[in-house]
Amino acid sequence: MKWFQKKDPVPTPTQIAEALPPTPQGQPAAQTGTRIRHTLAIASGKGGVGKSTTAANLAFSFAAQGAKVGLCDVDVYGPSMALMTQTPAPTEMQGSLIVPPEVGGVKIISPALFGSTNKANILRGPMAGNLAKQLLTQVAWGELDFLFIDCPPGTGDIQLSLAQNISLEAAILVTSPQEVALLDVRKALEMFRTLQVPVLGLVETMSYFLCGTCETRHHLFGKDGGKNFAAAHKLPFLGAVPLSEALTQSGDQGIPLVVTNPTHPASQAFFEIRDAILLALEQRTGLPPKGLGSFHLKWEPMPETQP
């Protein structure tokens with residue numbers, strides 16, 4: 001059974017990018033009523049490590065605890081959140097702002113909601129960065145405790161635009177254990193440190209496999225690569241998620257595993273990571289997460305670069 005019934009979509013991403021006037025630099029975006037306590041980027045630097053799966057399951061695990069949660073997919077070239085959550089296309093506007101569809105208590109927006117699933121978004125870097133900003137700032141998010149941003153792979157225009165133009169509180173890095181993935185997560189860590197965005201910690205995906213007929217953990221992609229990386233770079237290790245057929249199927253079926261099977265080992269891992277994130281936020285600020293002040297998403301002037 002689907003969670004909803006899909007309706008006719010609003011315009012394509014390119015039409016939105018062309019139609020919406022850019023917000024002047026240094027001026028707040030028209031976000032009446034939008035107040036977000038914590039904006040956290042989920043990033044990896046490497047594609048295919050389970051970053052979007054992590055973002056989706058974390059968002060719904062926070063919602064299960066009673067938090068007001070938003071999830072923004074800014075992977076303009078390869079968005080997957082609409083499929084992984086069965087999110088319908090938005091059909092309402094609040095003034096000039098898009099009202100995000102709400103699925104299972106989570107407000108979700110993704111480039112995939114604005115056009116054909118099979119059509120490629122062929123955009124140059126600056127336009128992709130601008131579209132990512134619009135997905136965040138031209139949406140009526142309302143009151144949120146947490147806004148999770150599912151970032152694309154790499155360290156390009158989109159990540160730079162987010163770090164420089166919104167109040168990004170921290171990033172959470174996602175990696176699988178093997179060195180091929182760690183090679184790129186190092187670059188993502190260095191990028192966030194260069195942009196002065198705190199890194200809240202690291203999540204290791206595909207950590208081990210339980211075959212179902214034994215209790216042995218099979219480390220198909222190496223053992224403790226993410227955990228050792230976190231220790232070497234003085235990052236909190238937020239937790240490890242097992243490789244699971246059920247987790248893969250939940251993404252294809254469009255309902256996160258923490259919703260369909262909250263007692264599954266992978267779901268339990270996400271709940272533990274949720275608690276570790278809350279603890280990391282408290283340790284970083286000295287206050288419980290909900291005790292922090294709110295902020296408005298806003299545009300900031302781009303720093304001048306020296307020739």
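What tally of residues in the range 251-276 results from selecting those that are surrounded by fewer than 21 Cβ atoms within 10 Å (Cβ to Cβ), hydroxyl-bearing (Ser, Thr, Tyr) and either in contact (Cβ under 8 Å) with a residue 12 or more places away in the chain or in a helix (DSSP H, G or I) (or both)? Result for the range 251-276: 1. Taking the range 189-220 as the range and being closer than 30 Å to GLN164 by Cβ, open to solvent by 30 Å² or more (accessible area, probe 1.4 Å) and not hydrophobic (A, V, I, L, M, F, W, C) as the test, the residues that pass are GLU190, ARG193, THR194, GLN196, PRO198. For the range 101-112, the set of residues classified as at pLDDT 90 or above and open to solvent by 10 Å² or more (accessible area, probe 1.4 Å) consists of PRO101, GLU102, GLY104, GLY105, LYS107, listed by residue number.
With the checklist (1) touching an Asp or Glu at 6+ places or on another chain (Cβ under 8 Å); (2) at pLDDT 95 or above in hand, flag the one item GLY225 doesn't pass. Against the list (1) touching an Asp or Glu at 6+ places or on another chain (Cβ under 8 Å); (2) at pLDDT 95 or above, GLY225 comes up short only on (2).
Each row is one residue, and each column tells you yes or no for (1) modelled with pLDDT of 95 or more; (2) open to solvent by 30 Å² or more (accessible area, probe 1.4 Å); (3) aromatic (Phe, Trp, Tyr); (4) not in a helix (DSSP H, G or I).
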{"site": "LEU71", "(1), (2), (3), (4)": "yes, no, no, yes"}
{"site": "ASP75", "(1), (2), (3), (4)": "no, no, no, yes"}
{"site": "LEU83", "(1), (2), (3), (4)": "no, yes, no, no"}
{"site": "THR117", "(1), (2), (3), (4)": "no, yes, no, yes"}
{"site": "ALA120", "(1), (2), (3), (4)": "no, yes, no, yes"}
{"site": "GLY129", "(1), (2), (3), (4)": "no, no, no, no"}
{"site": "GLN134", "(1), (2), (3), (4)": "no, no, no, no"}
{"site": "PHE146", "(1), (2), (3), (4)": "yes, no, yes, yes"}
{"site": "LEU162", "(1), (2), (3), (4)": "no, no, no, no"}
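The residue that is surrounded by the most Cβ atoms within 10 Å (Cβ to Cβ), counting only those in the range 60-69 that are of a type outside the set (S, T, N, Q) and touching a residue at least 24 places away in the same chain (Cβ under 8 Å), is PHE62. Within the range 237-248, identify whether any single residue is assigned to a loop (DSSP other than H, G, I, E, B) and either hydrophobic (A, V, I, L, M, F, W, C) or closer than 14 Å to SER44 by Cα (or both), and answer yes or no. Yes.
Restricted to the range 22-50, and to residues there that are surrounded by fewer than 18 Cβ atoms within 10 Å (Cβ to Cβ) and either of a type in the set (Gly, Ala, Ser) or modelled with pLDDT of 80 or more (or both), the residue that is nearest to THR137 (Cα to Cα) is ALA30.
Of everything listed in (1) under 21 Å from ALA128 (Cβ atoms); (2) touching a Phe, Trp or Tyr at 6+ places or on another chain (Cβ under 9 Å); (3) basic (Lys, Arg), the single unmet condition for ARG186 is (1).
The values are calculated or read from the model by the stated rules, or taken from the named source; none is laboratory data. In this text the structure is predicted, and so the values were computed from the model without any measurement. We place every Cβ from the backbone using ideal geometry, glycine too, and count neighbours over all the protein chains shown. Remember, those area values only see protein heavy atoms, side chains included, never the ligands or the DNA or RNA. Shrake-Rupley method; radii C 1.70, N 1.55, O 1.52, S 1.80 Å.
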